[in-house]
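Take a look at the structure set out below.
The values are calculated or read from the model by the stated rules, or taken from the named source; none is laboratory data. This one's a predicted model, so the numbers in the text were calculated from it and none came from an experiment. In this analysis, Cβ positions are derived from the backbone assuming ideal geometry, glycine residues included, and neighbour counts consider all displayed protein chains.
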Amino acid sequence: MNWDGKRVFLTGHTGFKGGWLALWLQLQRCELCGYSLGPPTTINLFEDASVARGMRSVIGDIQDAGRLCSTLAEFRPEVVFHLAAQPLVRRSYRDPLGTYATNVLGTANLLEAVRQTDSVRAVVVVTSDKCYENREWDWSYRENDRLGGYEPYSSSKACAELIVSAYRNSFFNPTDYQSHGVALASVRAGNVIGGGDWAEDRLVPDSMRAFAAGHPVCIRNPRASRPWQHVLEPLRGYLVVAQSLYEKGTLYGESWNFGPDPSDTRPVEWVVRKLAAAWGNGARFELEKTQQPHEAQNLNLDCSKAAARLRWRPQLHLHQALETTVDWYRAKLHGEEMRAFTCKQIQHYGNLTDTSAASENPEP
């Protein structure tokens with residue numbers, strides 16, 4: 001799909017994933033409008049990479065239904081990406097009501113605003129791999145597995161999925177597509193890593209802060225395994241879904257998993273060792289000794305549907321993702337111009353995916 005000139009509305013553009021997606025869409029020459037609270041951390045990708053430079057940036061609360069609706073109606077987008085969220089498990093223990101208000105009611109507000117905006121053709125709602133009822137089993141979760149959530153964050157993402165399903169059935173039903181013209185999908189990804197993530201209680205940002213300061217990083221749950229992937233991997237999946245919705249309508253209006261190759265599901269301690277080795281300069285870690293709140297130990301996604309129907313597959317192995325991530329933080333530490341550096345990483349990744357697509361689908 002040619003994104004040049006397409007009108008795209010992106011919630012959460014000041015966040016980590018949203019910032020990367022905003023820059024990628026700018027490189028695609030979209031007419032882009034972002035709607036989000038201000039950056040969530042003092043140091044952040046949004047300011048480091050001058051994300052607002054190539055777009056319209058609206059600082060607003062996803063819980064402010066009136067302003068959200070009026071902004072969407074004024075901009076009149078064709079494609080909507082919903083990434084605005086409270087994304088942290090441990091913060092959800094401290095602020096469960098705020099987490100539900102943002103992740104659940106915020107999603108409903110966004111979809112209600114879409115109902116009032118007749119220009120929209122494709123909507124991609126981003127939830128999480130943690131929307132599944134995690135039974136700590138060894139096999140991977142498919143899109144039709146049961147939703148659930150042990151703690152507020154996970155259950156809020158399951159609730160968001162239920163809202164997407166309800167709106168799809170009630171207001172954007174495929175049988176009435178000719179009248180409403182909206183194709184709606186949800187997308188689920190696991191632990192993403194990459195430059196510009198400065199969030200609290202996340203392994204990579206905690207490690208980068210500690211290594212840069214010459215301190216050991218404290219890690220919790222060293223044996224917990226996660227499906228690690230570079231942030232550009234699921235973002236490419238979101239773009240492919242949006243393109244499919246835009247071009248083929250409700251045929252792709254369902255839920256989609258985007259995760260790494262199963263071999264890249266690694267325990268926390270393994271990842272920290274690799275990060276320390278890539279950083280060098282005596283980087284090291286130590287184990288957190290205080291009791292920690294519950295977090296899932298094992299959670300893997302089955303992405304075979306995306307591979308078969310969207311021809312989406314991960315392009316970076318975990319060691320490449322970790323090296324790319326460390327390169328970003330080291331460049332930041334050395335004072336490089338981070339918008340150009342971040343865009344260069346996006347373009348390099350795009351070249352990899354173009355080469356992979358060409359090898360799978362050679363010209364006749």
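Evaluate the following for L68: is it within 23 Å of G190 (Cα to Cα) and modelled with pLDDT of 95 or more?
Working: within 23 Å of G190 (Cα to Cα): no; modelled with pLDDT of 95 or more: yes.
Considered against the rule, which asks whether it is within 23 Å of G190 (Cα to Cα) and modelled with pLDDT of 95 or more, L68 comes out as no.
Which one of these does G181 not meet: (1) out of contact with any helix residue (DSSP H, G or I) (no Cβ under 9 Å at 6 or more places or on another chain); (2) surrounded by fewer than 22 Cβ atoms within 10 Å (Cβ to Cβ)?
All conditions are met except number (1).
Does the range 123-141 contain at least one residue that is modelled with pLDDT of 95 or more, over 18 Å from the mean Cα position of the chain (by Cα) and basic (K, R)?
The answer is no; no qualifying residue exists.
Considering only the range 207-234, state which residues are in a helix (DSSP H, G or I), more than 21 Å from the chain's Cα centre (by Cα) and crowded, with 18+ Cβ neighbours inside 10 Å. Outline the logic, then answer.
Narrowing the range 207-234 to residues in a helix (DSSP H, G or I): 207-213, 232-234.
This time we only want the ones that are more than 21 Å from the chain's Cα centre (by Cα), so: 209-213.
Once the filter is applied, which keeps residues that are in a helix (DSSP H, G or I), more than 21 Å from the chain's Cα centre (by Cα) and crowded, with 18+ Cβ neighbours inside 10 Å, the range 207-234 yields A210, F211.
Can you name the condition, by its number, that N257 falls short on among (1) in contact (Cβ under 8 Å) with a residue 40 or more places away in the chain; (2) in a loop (DSSP other than H, G, I, E, B)?
The single condition N257 does not satisfy is (2).
I'm trying to understand the selection: among the residues of the range 38-51, which are under 18 Å from G106 (Cα atoms) and surrounded by fewer than 18 Cβ atoms within 10 Å (Cβ to Cβ)? Spell out the reasoning first.
Within the range 38-51, the subset under 18 Å from G106 (Cα atoms) is 38-40.
Passing the criteria: only G38.
Restricting the first residue to the range 297-326 and requiring it to be part of a loop (DSSP other than H, G, I, E, B), which pairs with a second residue that is at pLDDT below 95 and hydrophobic (A, V, I, L, M, F, W, C) meet a Cβ separation below 6 Å and a spacing of at least six or different chains?
Close Cβ pairs satisfying both conditions: Q297/A224; Q315/L352.
Spot the failing condition for G18; the list is (1) in contact with a helix residue (DSSP H, G or I) (Cβ under 7 Å, 6 or more places away or on another chain); (2) buried (at least 23 other Cβ atoms within 10 Å of the Cβ), and only one is missed.
Unmet condition: (1).
For the range 21-30, how many residues are touching an Asp or Glu at 6+ places or on another chain (Cβ under 9 Å) and either crowded, with 21+ Cβ neighbours inside 10 Å or under 15 Å from V124 (Cα atoms) (or both)? Can you show your working first?
Of all residues in the range 21-30, those touching an Asp or Glu at 6+ places or on another chain (Cβ under 9 Å) come to 28-30.
Keeping just the survivors that are either crowded, with 21+ Cβ neighbours inside 10 Å or under 15 Å from V124 (Cα atoms) (or both) gives 30.
Counting residues in the range 21-30 that are touching an Asp or Glu at 6+ places or on another chain (Cβ under 9 Å) and either crowded, with 21+ Cβ neighbours inside 10 Å or under 15 Å from V124 (Cα atoms) (or both) gives 1.
Within the bounds of the range 306-324, is there any residue that is modelled with pLDDT of 95 or more, crowded, with 16+ Cβ neighbours inside 10 Å, hydroxyl-bearing (S, T, Y) and touching a His at 6+ places or on another chain (Cβ under 7 Å)?
Yes, there is a match, as at least one residue in the range 306-324 is modelled with pLDDT of 95 or more, crowded, with 16+ Cβ neighbours inside 10 Å, hydroxyl-bearing (S, T, Y) and touching a His at 6+ places or on another chain (Cβ under 7 Å).
Surrounded by fewer than 23 Cβ atoms within 10 Å (Cβ to Cβ), under 24 Å from R236 (Cα atoms) and modelled with pLDDT under 95: is that true of G54 in this structure?
Details: surrounded by fewer than 23 Cβ atoms within 10 Å (Cβ to Cβ): yes; under 24 Å from R236 (Cα atoms): yes; modelled with pLDDT under 95: yes.
Here the answer is yes, as G54 does meet what is asked.
What do you reckon, is Y153 in contact with a strand residue (DSSP E or B) (Cβ under 7 Å, 6 or more places away or on another chain) and either at pLDDT 95 or above or outside any loop (DSSP other than H, G, I, E, B) (or both)? Please lay out each step first, then the result.
Working: in contact with a strand residue (DSSP E or B) (Cβ under 7 Å, 6 or more places away or on another chain): no; either at pLDDT 95 or above or outside any loop (DSSP other than H, G, I, E, B) (or both): yes.
For Y153, the condition - in contact with a strand residue (DSSP E or B) (Cβ under 7 Å, 6 or more places away or on another chain) and either at pLDDT 95 or above or outside any loop (DSSP other than H, G, I, E, B) (or both) - is not met.
Name the pairs whose Cβ atoms lie under 6 Å apart, with the first residue in the range 165-178 and closer than 12 Å to R115 by Cβ, the second not hydrophobic (A, V, I, L, M, F, W, C), and 6 or more positions between them or separate chains?
F171/R115; F172/H180
Could we say that E143 is assigned to a loop (DSSP other than H, G, I, E, B) and at negative phi here? Outline the logic, then answer.
Working: assigned to a loop (DSSP other than H, G, I, E, B): yes; at negative phi: yes.
So E143 passes the test.
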